[in-house]
Amino acid sequence: MGNNEVMNLGDIDRPAWWYFAGLDGALLALGLLACIPSWAAQVRDSLWLPSQGLLIGLFIAALLVHLGEALFAYSRAKAAELPAFAWALQTFVVGFPSLRKLLAQEA
């Protein structure tokens, strides 16, 4: 990653703010429930939740999907001579809405 890429973090097309709030909020909630069993137990008193093991598995799977999307975004942005690190970081954070913006820019 060169200095130009760091400077270009703000120069990429961003999805709407509510994608960040909704998707990252849900991922944060899943992560907290997966990593803090006592919180999950309290939520289970009011709502149905899958087992602790499944919560952990879902959280890990979501992180791996975001990582895969980020690596794909990095390679596509690099090939298109766009700020690859910025696209990868944004895609890791918000997922498919970022990747969709990148692919639309390439078209």
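Quick rundown of the values:
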read-out: On Cα atoms only, tilt of 96-106 relative to the major axis of the chain in degrees; value: 10
read-out: Whether the range 18-106 is rounded, prolate or oblate, judged on the alpha carbon gyration tensor where a/c under 1.5 counts as rounded; value: prolate
read-out: Degrees, to the nearest 10: 52-79 long Cα axis against longest axis of the chain; value: 0
read-out: Folded to 0 to 90 degrees: helix 84-94 orientation relative to the chain principal axis, Cα; value: 20
read-out: Listed residues Ala61, Ser46, Tyr74: farthest to the positive end of the dipole of the chain (Cβ charges); value: Ser46
read-out: Mean Cβ count within 10 Å, highest first, over the residues of peptides 43-49, 98-104; value: 98-104, 43-49
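No value in this document is a laboratory result; all are computed from the given coordinates. These numbers were taken from a predicted model, which means no experiment stands behind them. As a convention, Cβ positions derive from the backbone with ideal geometry for all residues, glycine included, and neighbour counts pool all protein chains shown.
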